[in-house]
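Participant: Supplied in structure tokens, the structure appears directly below.
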Amino acid sequence: MAESQPPPPPTNTNTTSNNKNKSNKKKKKEDVAAAAMAALESLHIDPNSNNAGMLSNATAGTNTIALNGTESSSSTSSQQQGVVAAQHLLGGGNANVADLLGGRYGGGGGEDRKRHAFWDTQPMIIPSDDTPSPPSTPSTTSPTPDSPDPTLHAPIIPNKPITSLRQTPYNMPKGFEWSSLTITDPSDRDQIYELLANNYVEDDDCLFRFDYSTDFLTWALTPPNYNPAFHLGVRSSKSNRLMALITGVPATVRAYDNPIQMVEINFLCVHKKLRSKRLAPVLIKEITRRVNLSGVFQAVYTAGVVLPTPVATCRYFHRSLDPKKLVEIGFSRIPPRMTMARMQKLYKLPEGTKTGRIEGSNTKEDNAGGIASILRPMVEEDVSSAHQLVTKHLKKFQLAIVFSEEEFRHWFLPRSGVISTYVACNGPSGSEDVSTKVTDLVSFYHLPSTIIGNPKHSHLNAAYSFYNVATSVDLVTLMKDALILAKYDEGMDVFNALRQMDNGEVLNELKFGIGDGNLNYYLYNWCCPTLKSEDVGIVLL
């Protein structure tokens, strides 16, 4: 991960400040040029040669880098990594090296690309607006010396020796201090909950705010081998009140064929009163430093906003379970030529699940001799078989979590009000036969939202699709059962799902409506081709 300095604060428009700005920009340009030259020299490339001017073709989406030359194939990998580093220093591959060294470098990406004062300094591929988009999937043919390599998979900035990293925390603004939080401590946990409940994600109309429960936070932040140093807070030096938060938990992420040790970054939150202090960039830099010191240099995270540069984008879809309540709280509206009664009838669900049931039966007793058990909550005895089922399923996707059995146990065993996982097996429910295997699995997590300013309802109870695998039934049947369980067994008002993995097969048939938001996936300090939403096999909380 990068150790770039925080972006400068806004400056005044007087002459002195303008002159200082120009001086700073000139120095920054010189520093970038020096760093780029060092990267090129490390590859034994003459900065004035034609080869040095061929570092473009890094576009939004595919992140492909080209080095035109005749180097031997044995050194290709190290050269590509060095070129990626140089490309990043050149602002996303948008500048010819010769132009930069000649003083004509003015940034990249064209005037239409939105500038990001902080993210444009980080090891993320920065798109170019004047280069064509290469294929979004890896090429199966070997690149020629005169063509870009669309299959590059590498760190943007090479991993660094631990001894070369910054050993001390970044400075905080006066009046604030770092705090390593202990999620298992009731006091810290309650303060994290309070900060998020009052200051975290809201919708654009300020009607809803995520309300992560303390049990949910404990689940989300304590997977196997979690590091408390990655639960990072900022406190007021005067009151000791928690004012900001960022967290990371370990994960093995497979990007195409590359399993990579990463952290999942989540819960970046700054108190509303401190948004002008620019604490978020410092939080990101400090957790980057801590993660790097543990020997990890890549991360995965999601955001609703577009930053440089998503590796994939997935659309949200929503399925009404309690249409009347959703209309009353402003989450949904009654469509034209529709009444509430007709709307409730449209979204009505049967009360019994179908997976594993003998045709015409409605009770567990009727199904005692069935080929497969009916859907039931997963238990400890199911973990090994269910883990194998999900692991095999996730191999279908180009971006996925690689769960160990211990991690799978943590993330999937049901927790009341937090995570619900149901399974069907190839034997009667409760069978002790060791050959009994889990054939189907459906799961969703519970994330309510506070309803702001509604006199009748205080919370929107939402289920979010997690991971689902269907083998004995089709996915439509399994997901319909998930809707039934979420409504009648868990009391949910709405079921949310991303268009990712195999979800696209069921959304229309099960009457999901398209949402008005996208979720963008990002890989920090890792270059690979972009993905279609159906190739994404990661669900972040």
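Participant: How high is the relative contact order of the stretch 313-537? Use alpha-carbon pairs under 8 Å, at least six apart in sequence, and give a whole percent. Could you put the intermediate results ahead of the total?
Facilitator: Values: 391 pairs, mean separation 67.5, N = 225.
Value for the stretch 313-537: 30 percent.
Participant: Something else: In the stretch 455-541, which trypsin sites (Lys or Arg not before Pro) fall in coil by DSSP and have 11 or fewer other Cβ atoms within 10 Å?
Facilitator: Numbers: sites: Lys456, Lys480, Lys487, Arg499, Lys511, Lys532; in loops: Lys456, Arg499, Lys511, Lys532.
Hits after loop and neighbour filter: Lys456.
Participant: What's the extension gain from Val306 to Lys174 if we count 0.36 nm per residue and subtract their Cα-Cα distance? Mind dumping the intermediate values first?
Facilitator: Details: separation 132, 0.36 × 132 = 47.52 nm, distance 3.11 nm.
44.4 nm is the gain from fully extending Val306 to Lys174.
Participant: Moving to a separate point now. Which of Ser416, Ser294, Ser385 has the fewest other C-beta atoms within 10 Å, and how do the rest follow up to the most? Provide the component values of the computation, followed by the final result.
Facilitator: Numbers: Ser416 9, Ser294 15, Ser385 20.
Listing Ser416, Ser294, Ser385 from fewest to most nearby Cβ atoms yields Ser416, Ser294, Ser385.
Participant: Round to the nearest 0.05 the FRET efficiency obtained for Asp257 and Glu406 when R0 = 25 Å and r is the Cβ-Cβ distance. Walk me through the numbers on the way to the answer.
Facilitator: Working: r = 24 Å, r/R0 = 0.95.
With a Förster radius of 25 Å, E is 0.55.
Participant: Between Ser236 and Lys395, what FRET efficiency comes out of the Förster formula 1/(1 + (r/R0)^6) with R0 = 56 Å and r the beta carbon distance, rounded to 0.05?
Facilitator: E between Lys395 and Ser236, to the nearest 0.05, is 0.75.
Participant: Then there is this: Given 0.36 nm per residue, what is the gain on full extension from Thr163 to Ala229 after removing their alpha carbon distance, in nm? Walk me through the numbers before you get to the answer.
Facilitator: Numbers: separation 66, 0.36 × 66 = 23.76 nm, distance 1.86 nm.
This chain segment gains 21.9 nm when fully extended.
Participant: Taking the Cα centre of the stretch 151-282 as the origin, how large is its charge dipole in debye, to the nearest 20, when only Lys and Arg (+1) and Asp and Glu (-1) carry charge on their Cβ atoms?
Facilitator: Values: 14 positive and 13 negative charges, 167 e Å.
The calculation lands at about 800 debye.
Participant: Going 7 Å from the Cα of Lys511 toward and past its Cβ, which residues in the stretch 474-500 have a backbone nitrogen under 14 Å from where you end up?
Facilitator: From the stretch 474-500, the list is 480-481, 483-484, 487, 494-495.
Participant: What length, rounded to one decimal in nm, is gained on full extension from Thr182 through to Ser276, with 0.36 nm per residue of separation minus their alpha-carbon distance?
Facilitator: On the way: separation 94, 0.36 × 94 = 33.84 nm, distance 2.72 nm.
Result for the pair: 31.1 nm of gain on full extension.
Participant: Quick one: Ile484, Ile334, fewest Cβ neighbours within 10 Å first, how do they rank? Write down the numbers at each step before the final one.
Facilitator: Values: Ile484 18, Ile334 13.
By the 10 Å Cβ count, ascending: Ile334, Ile484.
Participant: Fewest Cβ neighbours within 10 Å first, please rank Lys437, Lys272 accordingly. Provide the component values of the computation, followed by the final result.
Facilitator: Numbers: Lys437 17, Lys272 8.
Ordered from fewest to most neighbouring Cβ atoms within 10 Å, Lys437, Lys272 come out as Lys272, Lys437.
Participant: Sorting check: for 265-271, 471-477, 342-348, which peptide has the highest mean count of neighbouring beta carbons within 10 Å, and how do the rest follow? List each step's numbers first, then the result.
Facilitator: Values: 265-271: 20.6, 471-477: 17.0, 342-348: 13.4.
Final packing ranking: 265-271, 471-477, 342-348.
Participant: What dipole magnitude, in Debye to the nearest 20, does the stretch 313-537 give about its Cα centre under +1 on Lys/Arg Cβ and -1 on Asp/Glu Cβ? Write out the running numbers ahead of the final one.
Facilitator: Numbers: 25 positive and 26 negative charges, 231 e Å.
My answer is approximately 1100 debye.
Computed from the coordinates by the stated procedures, all read-outs in this text should not be read as laboratory data. Just so it is clear, the model here is predicted, and its values are computed rather than measured. Positions of Cβ are backbone-derived with ideal geometry, glycine not excepted, and every protein chain shown enters the neighbour counts.
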